[in-house]
Each structure stands twice: as C-alpha cells, then as structure tokens.
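Visitor: Take a look at the following structure, please.
The values are calculated or read from the model by the stated rules, or taken from the named source; none is laboratory data. Only a predicted model underlies this, so the values are computations on that prediction, with no experimental measurement involved. All Cβ positions, glycine included, derive from the backbone under ideal geometry; neighbour counts span all protein chains shown.
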Amino acid sequence: MKKILLIMGVIILSNIGFADAKADYTNAESLAKSNKIAESVKLLESVSNSGDKTYAIKANFQLGAYHLQNNNLINAKKYLGLVWNDTNNNAPEKDEAARLLYTIALSEKKVSEAQKYIEWADNKSGADDVDTTSGLIIFYFENNMQTKGDTRYNTAMKSTNTEYKSEVNYNIGQYYLSKNNTVQAKKYLQSSYNMSPVAIIPAGYLLSQIEVNSNNPAGAEKILLDMNTKTGNKDIEALMMLGSYYLQNNNAAKAEEYLKKASSINTKDVDTRVLLLGLYEVQNNTSKINSIYNELKAIVPAKELNKNLGVAFANLGNGNLAEKYLKRAISEDKDNQAKLSLGQVYALVGKKNEAITILKEAVNNKVQGASELLKQVEAIK
C-alpha cells in the first residue's frame, strides 16, 4: 500500500507532468524532507488547483492522507474524494484513496459507504488480491451480511491460485480468532493449513494454540507433530514449537530431542540454545549447561551474553534464571545496564526491596531510565 508520504517526510515523485506542477511537487518533497510540513502542504494545494491532472491527483492524495493522519476527516474526505470521484482517473492513487475512504467510513460507522469503497476496490483489483478479498469477506461477516460473505468466499475458492485461497482462509481464521469464535476460526485455519505448504507453520501454530487454550494438550501435540511431519522434520520453527510444547508439558526427553534437532539445523540459532540451556539448568546438568553456554558464547558477543540470557529468561517467565544471569552480567561483565533489567525482574516477582536496592545502584551509575523505574517501583503498594 502506498505510504502516507507527507507524514513520513518523503513524497513519491513521477517524471510525468507539466513543468510547473512537477516543479512544485518536487519542491514540496524537499520541504517535507526538511520537516517544513506547512509549506509543503501549501505547495501541494497549489498543485491540486493546477491544470496538470497527473500531479493534481498525486497532490490530492497526499493532502487527503495528510489530513487523515491529523484526524481532519472533513478535509481528508474532500481531497481523497477528488481522487476517487475522477472517472477518468486510472492512477494507483485512486485505489489507495478508496482504501482510505473505506477506513474513514468504517470509523464513522457508515456501513453502506464503506461497502461501496471496498466492493469497488475488490472489482478494481480483479478480485484476486488477498487483502482486498479477505477484507471484503470479513466486512460482510462483521456487518451481518453472511450470505454476501459466503458468496464472495465461494467465488474466491474457485481460483486456481492455491496460495491466494490459503491466505484468504488464514485471514478469515484470524478474524474469527480475534472474535473468540474458535469453531469458525478452526474451520478456516484448517482449510488454509491443508491448502498450502506455506501456511503449515502459521496456520498450524494458531490451530495448536486453540487446542492449548481449550485444555486439549493432546490435540495440540497432534497438530504440532503433523506440522513437523509435513515439513520433513527439518523446519526449525516446527521443531522449536514441538520442543517448547514438551517443555511446557514436562517431557524433558522429548523437549531435548526436538530442540537439539532444531539447533543442529542452524548452528547459529540462539533461541533453541536458550531453551536447551533452560532445560539443562532445571535438570542441574552442569556438563550440558557448560556445553550449551559455550556454544552461545561462540554466537553472542561475550560481554552481552549474560545480560541477553537474563532478559531472555525473564521473557520466558523464569525469574530465577533471569536473576542468575543478570547477576553474572553485573559481577562478571561489569554491565550496569543489567541492573535496570534485574530491577524489573525483582519488581515482577514481588521482590520490591531488592528491586529498589539494585535500581538505586543503577541510578548512581547513571543508567538511562533507572530513575523513572525506581519511582514506579517505590510507588508499588
């Protein structure tokens, strides 16, 4: 989708157009790059009123996008409408204007108007653009137009493009998942999973999580094993998911089996080795701890390893291991920044006094953000 260039400070140019309008548009680009937005807008307004249709369309789109970004819906609709309502306009800006007008109509709860724009965009795309097709079907479902949604879905499924069909199903599955409608989510995600090898990992993961959240670990395991089989027992993501699943279900042997397989596929992968390190720490297996730690030292800069491990274990919810490695970062690596992370860990696990002590040290060491975090922790009751 075209970027909203005024806000980004960049305006896409075309080499086509009359000299004056083109020059003004070019100058608007320079002004935007210099963050002189008001002057850039003024020039674009001049281009909008010029006789150069090519550059007027571009200027109108940028002005509409600018006003939308600034929540001025009246002016946004005015300029975007000029782009969209031009019947002789086949520029790409018209497609993008329709998308933005659709967004505005949705925000204003103008269903009929939104429908007009998204149906136009679907027809204009040749009815084979994944995002537009998915968006239209979801729009129908969301607005109680089930028959229209089913009809558009059935049309999409007649396509010979397998990837397109799989992605449409995946997007609809995600929509239903966001609505906590797991029955419908599973239906579409399963279709996506079955249609394309590309969907095996993303759709399979969501399907497994549905089973986990439904207290059906056996169902999750079945899906994860099938994912691994379908990817030939050599996809690092599928293997890691299986390893993580077995870790969470206290099957250390299986967890190690799949995580070691994943780590052997990518000798530079950090994530699998962190999980293995965590497993060996729980088992108190010193030789394996040292072995995997040395592997990590060969991948991660030595001065950063302990702190990174501490943060990683904190993110995994293992406060004890997070504390262990952050303390090592502080004592062995002299990393004062690790004090901030350790303070956060202590606060999260309810060790308020310890958090205050280490954060005061961080403040004295002039660690950025330590003072603010210290105030937050001190305010905890």
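Visitor: Restricting attention to the range 209-216, does a residue exist that is in contact with a Leu (Cβ under 7 Å, 6 or more places away or on another chain), modelled with pLDDT of 95 or more and either in a helix (DSSP H, G or I) or within 22 Å of Phe313 (Cβ to Cβ) (or both)?
Guide: No, the range 209-216 has no match at all.
Visitor: Another question, then. Quick check on the range 192-202. Is at least one of its residues touching a residue at least 24 places away in the same chain (Cβ under 8 Å), under 27 Å from Glu93 (Cα atoms) and of a type in the set (Gly, Ala, Ser)?
Guide: No, the conditions are met nowhere in the range 192-202.
Visitor: For Ile330, state whether it is in the same structural domain as Leu359 (by TED's automatic domain parsing), of a type outside the set (Phe, Trp, Tyr) and either surrounded by fewer than 16 Cβ atoms within 10 Å (Cβ to Cβ) or out of contact with any Phe, Trp or Tyr (no Cβ under 8 Å at 6 or more places or on another chain) (or both). It would help to see each step written out before you state the result.
Guide: Details: in the same structural domain as Leu359 (by TED's automatic domain parsing): yes; of a type outside the set (Phe, Trp, Tyr): yes; either surrounded by fewer than 16 Cβ atoms within 10 Å (Cβ to Cβ) or out of contact with any Phe, Trp or Tyr (no Cβ under 8 Å at 6 or more places or on another chain) (or both): yes.
Yes.
Visitor: Being among the hydroxyl-bearing types (Ser, Thr, Tyr), touching a helix residue (DSSP H, G or I) at 6+ places or on another chain (Cβ under 9 Å) and within 25 Å of Asn90 (Cα to Cα) narrows it down to one of Thr147, Thr132, so name that one.
Guide: Working: Thr147 fails: within 25 Å of Asn90 (Cα to Cα).
Thr132 is the lone residue from the list that is among the hydroxyl-bearing types (Ser, Thr, Tyr), touching a helix residue (DSSP H, G or I) at 6+ places or on another chain (Cβ under 9 Å) and within 25 Å of Asn90 (Cα to Cα).
Visitor: Restricting attention to the range 159-175, which residues are over 19 Å from the mean Cα position of the chain (by Cα) and among the β-branched types (Val, Ile, Thr)?
Guide: Matches in the range 159-175: Thr160, Thr162.
Visitor: Output the residues belonging to the range 122-145 that are of a type outside the set (A, V, I, L, M) and over 24 Å from the mean Cα position of the chain (by Cα). Walk me through it before giving the result.
Guide: Narrowing the range 122-145 to residues of a type outside the set (A, V, I, L, M): 122-126, 128-129, 131-135, 139-144.
Within the range 122-145, Asp122, Asn123, Lys124, Ser125, Gly126, Tyr140, Asn143, Asn144 qualify.
Visitor: May I ask you to say which residue of Leu80, Leu6 is modelled with pLDDT of 85 or more, in a helix (DSSP H, G or I) and not hydroxyl-bearing (Ser, Thr, Tyr)?
Guide: Values: Leu6 fails: modelled with pLDDT of 85 or more.
Answer to the selection: Leu80.
Visitor: Mind counting the residues in the range 307-339 that are part of a helix (DSSP H, G or I), closer than 22 Å to Leu247 by Cα and not β-branched (Val, Ile, Thr)? Don't jump to the end; show me each part of the working.
Guide: The initial filter retains those residues of the range 307-339 that are part of a helix (DSSP H, G or I), namely 307-315, 319-331, 337-339.
Of the ones still in play, those that are also closer than 22 Å to Leu247 by Cα are 308-315, 319-325.
With the extra rule that they be not β-branched (Val, Ile, Thr), the set shrinks to 308-310, 312-315, 319-325.
Qualifying residue count, the range 307-339: 14.
Visitor: Here is a follow-up. Within the range 29-75, track down each residue that is under 19 Å from Ile104 (Cα atoms) and aromatic (Phe, Trp, Tyr).
Guide: Correct list: Phe61, Tyr66.
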